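Inspection log for the structure reproduced underneath, given as structure tokens.
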Amino acid sequence: MFLPRLTLSAFIIGALARIAFADCQWSALQDATDDYISSQEDGKPSDLILADGVTYRENNKIVSDIASGILGQPLKIDSSRKIFDQPNCATFTEIVVTDEENPYVIGTQLHFDGSGDNITLALIDTIATTTGDWLFNATKSLGYIEQENWGTIDMGMRDSRETLKAAADAYLDLWGNSSAPVPWGTPCRRMEGGAYTGEGLETDSCNVGIPDGEQPPNSDRRYVVDETVGSVSVLCKFETMKDAPDSHEFRLEGGKLRYVHTMTVMREM
Ligand SMILES: *[C@@H]1O[C@H](CO)[C@@H](O)[C@H](O)[C@H]1NC(C)=O
Ligand SMILES: *[C@@H]1O[C@H](CO)[C@@H](O)[C@H](O)[C@H]1NC(C)=O
Ligand SMILES: *[C@@H]1O[C@H](CO)[C@@H](O)[C@H](O)[C@H]1NC(C)=O
């Protein structure tokens with residue numbers, strides 16, 4: 001009786017060790033993401049960003065000369081909020097620039113290869129919205145963001161990665177499938193460019209303004225999931241809005257939607 005039990009626990013410990021090893025270290029992801037943010041502030045892509053083998057995608061298009069994109073422009077960043085996906089070695093950052101001369105709201109996924117603290121940047125995937133994009137107003141966005149809480153969720157209260165991703169997918173499936181199983185929460189507040197569904201009421205809902213009937217899908221979805229803050233970032237192509245480059249980020253609490261942030265590029269690109 002003793003031997004099988006020993007073998008089993010040795011097996012479980014071995015499996016856990018492998019999982020821990022495959023994860024990317026939080027501090028390595030954080031350092032690289034900070035490097036990206038300071039590159040954007042300076043308008044000078046760092047060595048990390050310019051390294052061989054890094055693909056740069058801006059508003060759903062591959063850009064070969066990184067400095068010709070938004071990363072080549074210095075921006076006065078007012079706020080940046082990051083999430084970390086250790087199993088998939090990726091991060092997402094939401095950046096707000098209220099500078100009247102050059103306002104932006106940017107959502108950027110960084111995807112890395114490697115494990116532990118030995119990680120290499122492979123892909124910068126960014127959606128950059130400014131004047132002319134869907135309901136854009138960076139000053140309003142910043143005001144809403146400052147009233148929200150995207151903080152760490154207590155260990156025992158966290159939703160699983162699968163729950164978070166399923167919720168994000170169900171929401172995006174609403175375009176084309178009005179019976180997609182979205183875990184609506186109340187209150188829930190959606191920031192869509194500079195517009196907000198929330199009025200500060202306990203009854204605020206995100207289940208408003210979503211078209212029903214036949215719709216083209218939201219396709220080419222790319223994900224970053226951080227269960228420590230109940231958040232999922234999805235970059236995609238919003239086919240209903242002329243194939244617009246789009247960023248959706250969701251926060252869930254207790255399995256229910258709490259916040260939705262969207263950025264949708266409407267300028268002719
Ligand atoms: C880091 O990863 C690279 C690529 O996988 C590998 O060639 C290199 O040996 C690793 N370095 C260390 C210190 O583990
Ligand atoms: C953005 O919203 C602010 C605050 O409501 C307003 O003062 C400003 O005029 C708006 N900016 C634009 C470009 O519409
Ligand atoms: C729509 O979503 C429901 C609920 O998940 C699912 O049963 C159904 O197959 C979906 N329909 C389509 C056309 O994808």
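Taken about its Cα centre, the stretch 191-269 carries a charge dipole of roughly 200 debye when the Cβ of each Lys and Arg holds +1 and the Cβ of each Asp and Glu holds -1. For the residues Ser68, Ser79, what sequence is obtained by ranking on other C-beta atoms within 10 Å, fewest first? Ascending Cβ contact count within 10 Å gives the list Ser68, Ser79.
The Cβ shell under 10 Å around Arg161 holds other residues with a net charge of -3, Lys and Arg each +1, Asp and Glu each -1.
Sorting Met157, Met266 by the number of Cβ atoms found within 10 Å of their own Cβ, with the fewest placed first, yields Met157, Met266. Derived scalar couplings between HN and Hα for the stretch 52-63 equal 4, x, 8, 9, 10, 10, 10, 6, 6, 10, 6, 10 Hz in order, rounded to whole Hz, by the Karplus curve 6.51 cos²θ - 1.76 cosθ + 1.60 (θ = phi - 60°), x for Gly and Pro. A simple count of charges around Asn88, restricted to other residues whose Cβ falls under 14 Å of its Cβ and scoring Lys, Arg +1 and Asp, Glu -1, yields -3. Among the GluC sites (Glu not before Pro) in the stretch 205-261, those placed in a DSSP loop whose Cβ has at most 16 other Cβ atoms within 10 Å are Glu214.
For the chain, relative contact order (Cα pairs under 8 Å, six or more residues apart, normalised by length) works out to 17 percent.
Along the Cα-to-Cβ line of Ser27, 7 Å from the Cα, sits a label point; which residues in the stretch 112-142 have backbone N less than 11 Å from it? Answer for the stretch 112-142: 117. Separation of the alpha carbons by more than 27 angstrom is noted, of Lys82/Lys242; Lys61/Lys82; Lys44/Lys82; Lys76/Lys242; Lys44/Lys165; Lys82/Lys140, for Lys82/Lys242; Lys76/Lys242; Lys44/Lys165. Its Cα gyration tensor gives the stretch 118-235 an equivalent ellipsoid. The semi-axes, each the square root of 5 times an eigenvalue, are 22, 20, 20 Å from largest down.
Across the stretch 197-237, the mean sequence separation of Cα contacts (distance under 8 Å, 6 or more residues apart), normalised by length, yields a relative contact order of 28 percent. Label-to-label distance, Thr152 versus Asn102, with points set 7 angstrom from Cα along the beta-carbon direction: 3.5 nm. A simple charge model with +1 on the Cβ of Lys and Arg, -1 on the Cβ of Asp and Glu and nothing else charged puts the dipole of the stretch 131-268 at about 140 debye relative to its Cα centre. Available extension along the chain between Ser38 and Ala195 is 53.7 nm, counting 0.36 nm per residue and deducting the alpha carbon span. Taking every full run of DSSP H in the chain, the ones that stretch at least 15 Å from end to end by Cα along their long axis and average -0.5 or higher on the Kyte-Doolittle scale are 2-22, 161-173.
Label-to-label distance for Arg221 and Ser179 is 1.9 nm, based on points extended 7 Å past Cα in the beta-carbon direction. For the chain, the alpha carbon positions stretch 70, 47, 34 Å along the principal axes, listed from largest to smallest.
Just so you know, all these numbers are worked out from the coordinates, no wet-lab data involved. Quantities reported herein were computed from a predicted structural model and do not represent experimental measurements. Counting neighbours? That spans all protein chains shown, and the Cβs are built from the backbone with ideal geometry, glycine included.
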